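Structure record follows, encoded as structure tokens.
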Amino acid sequence: MTELSEARQVDFAAGVARSALAGTAAEFDTWLADCRDRFHTLVEPVPLDRLDGWSVHRETGDIGHHSGKFFTVRGLDVEVAGAPIPRWSQPIISQPEIGILGILVREFDGVPHLLMQAKVEPGNVNGVQLSPTVQATRSNYTSVHGGKAVPYLEYFRDTARHTVLADVRQSEQGAWFHRKRNRNMVVRVDEPVEVLDGFCWLTLAQVHALLRLDDLINMDTRTVLCCLPFSGAGVAYRYPGAREFAADLVGALDPAAPAAHTTGEVLSWITDSRTRHDVRVREIPLNEVADWHWADGRISHDTGLFFDVVGVGVTAAGREVGRWHQPMLRPRGLGLVAFLVRRIDGVLHVLMNARVEPGYFDVVELAPTVQCTPDTYAKLPAEARPPFLDQVLTAAPERIRFDAVHSEEGGRFMHARTRYVVVETDADPAPDHPDFRWLAPHQLATLLRHSHYLNVQARSVLACLHSLVTPEGTP
């Protein structure tokens, strides 16, 4: 594995900045339309107790695959001292495997390009979305399913001839997965790479522009994108109506930019949050989960809130396997993930939340300012309503810098969609709140070099924030 020198890191980051402005889409729309014509899934409901290859354990009620691989739907008992809802139980996906999410990068004429994949998942609302070069669980890439090999996997499992730009294990949704992690990787190659069917090279500008479209850039791409080394040196901006914001964002990505809190203070705050919150979590048999019930071959909460556990049968074209059954989580309602951003001493900062979720490895991870499903709070205690939710929902249109709906992981979640929003504010809404702090974007980039600091929602909306350095209207 080749390591980048400090000077080469700066050069490559500047190349990423050029990639954020370069690129044309003359052939992309045709390529994507062709992929959508040929890659598709037919998804049909199947009762959970009739899933082929899966079984419901006679004693525990847990739902597992006959191979013992992939994942299991179990129960989780949770206690959070002092929380508005201090104790509950729920179904959870237990998937201890560590998958690989990886993007290959190669320079063409000095401009880095990303090798993207048109991938269809059973839970996607619109079939094909753009995924990383490799998106595979361990069960997938070790061919437990008996299907075809994962293309380009060798670049991420044997990196000796290549340059690793990012390599870090990160969590996924802590409310739906118990201790699920993936290895997020960016690998630069200097040799020719065969472009297989369903793959294409795109500049960062093209990917950023596509982030402004609903349900096109999938969750796994978003979480890897924010790992790219970023610099705005020498970039000119044409972002209509927000030119000053885009320029200030570039300045805030500079590691030398001042911040409201030092890195030491930020790390101390996170450690204090992890120590201060008393959280107890244990897996329990699925049939011991309270306030959930089986009906019509699915599992639902008694209130009709949160999510359902459903079964599906999938017939797919353009996948490693053409037909399979599986359980999935189907959320109730459209999610909302939002950053509040403001200037502190002339530098843009993001309001981060030290958030407890039961599936985390270490109690707390940094989440966006707001992360919730707004419809849920009509039936929950008033004190459970998230801080700053109303400020986001009532934001004036001229304050909204980013607004798009994106899909969550379509391999485990059925039609899970979230509205991602960036709202600029002049106020300081959290001067004394112990679980909120203003961080500069370059500090978030530093934390992303390490595991379990930023949750998947924060990484997704951070990718959306980064996209604002690309001029609107880039093809």
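The values are calculated or read from the model by the stated rules, or taken from the named source; none is laboratory data. Nothing here was measured: the structure is a model prediction, and the numbers come from that model. With ideal geometry, Cβ positions are generated from the backbone for all residues, glycine too; neighbour counts draw on all protein chains shown. We work out accessible area using only protein heavy atoms, side chains counted, and drop any ligands, DNA or RNA first. Shrake-Rupley method; radii C 1.70, N 1.55, O 1.52, S 1.80 Å.
So, how do all the Cα-to-Cα distances of region 162-303 break down into 10 Å bins, in percent, from 0 on up?
In order of increasing distance, the bins hold 7, 20, 30, 23, 15, 4 percent.
So if each residue of separation counts as 0.36 nm, and I subtract the Cα-Cα distance between F361 and R449, what length gain in nm does that give?
30.0 nm
Please express the shape of region 321-364 as an equivalent ellipsoid: the semi-axes are the square roots of 5 times the eigenvalues of the C-alpha gyration tensor, given largest first in whole angstrom. Intermediate results must be reported in sequence, preceding the final value.
Details: eigenvalues 259, 53, 28 Å².
Over the Cα atoms of region 321-364, the semi-axes work out to 36, 16, 12 Å.
Hey, what did region 73-175 get for relative contact order, percent, Cα under 8 Å, at least 6 apart?
Dividing the mean separation by the residue count of region 73-175 yields 19 percent.
Over all Cα pairs of the chain, how is the pair count split among 20 Å bins, expressed in % and running from 0 up to the last occupied bin?
24, 59, 17, 0
With +1 on each Lys and Arg Cβ and -1 on each Asp and Glu Cβ, how big is the dipole of the chain about its Cα centre, in debye rounded to the nearest 20?
480 debye
Order the following by accessible area, largest value first: K119, K69. Probe radius 1.4 Å; ligands, DNA and RNA are ignored.
K69, K119
Given the peptides 210-219, 274-283, 101-110, arrange them by the average over their residues of other C-beta atoms within 10 Å, most packed first.
Highest to lowest by the protection proxy: 210-219, 101-110, 274-283.
If eta is 1.306 mPa s and T is 10 °C, what Stokes-Einstein diffusion coefficient results for region 81-192, Kirkwood Rh from Cα pairs, in µm²/s? Please report the intermediate quantities before stating the final value.
On the way: Rh = 16.3 Å.
In µm²/s, the coefficient rounds to 98.
Could you please put F361, F245 in sequence from largest to smallest accessible area, using a 1.4 Å probe?
Ranked from most to least accessible, the order is F361, F245.
Note the direction-averaged projected area, equal to a quarter of the hull surface, for the Cα convex hull of region 316-475, in nm².
One quarter of the hull surface, i.e. the mean projection, equals 12.7 nm².
Rolling a 1.4 angstrom probe over the protein chains, ignoring ligands and nucleic acids, what is the accessible area of I299 in square angstrom, nearest 10?
10 Å²
Sorted from largest to smallest, which semi-axis lengths in Å does the alpha carbon gyration tensor of region 181-224 give for its equivalent ellipsoid, taking the root of 5 times each eigenvalue?
Output for region 181-224: semi-axes of 20, 16, 11 Å.
If you rank K379, K180 by how much accessible surface each has, with a 1.4 Å probe, what is the order from largest down?
Working: K379 130, K180 15 Å².
From most exposed to least exposed: K379, K180.
Using a basic spin-label model with each label point 7 Å from the Cα along Cα→Cβ, how many nm lie between A384 and A396?
Here the answer is 3.4 nm between the modelled labels.
Among the aspartates and glutamates, select those whose C-alpha is under 14 Å from the C-alpha of K69, and discard any that sit fewer than 8 residues away in the same chain.
E97
Relative contact order for the chain using alpha-carbon pairs under 8 Å, separation at least 6, rounded to a whole percent? Intermediate values should be presented prior to the final figure.
Numbers: 1059 pairs, mean separation 109.1, N = 475.
This gives 23 percent for the chain.
Region 375-454: D in µm²/s via Stokes-Einstein (Kirkwood Rh, Cα pairs, 25 °C, 0.890 mPa s)?
On the way: Rh = 15.8 Å.
Result for D is 156 µm²/s.
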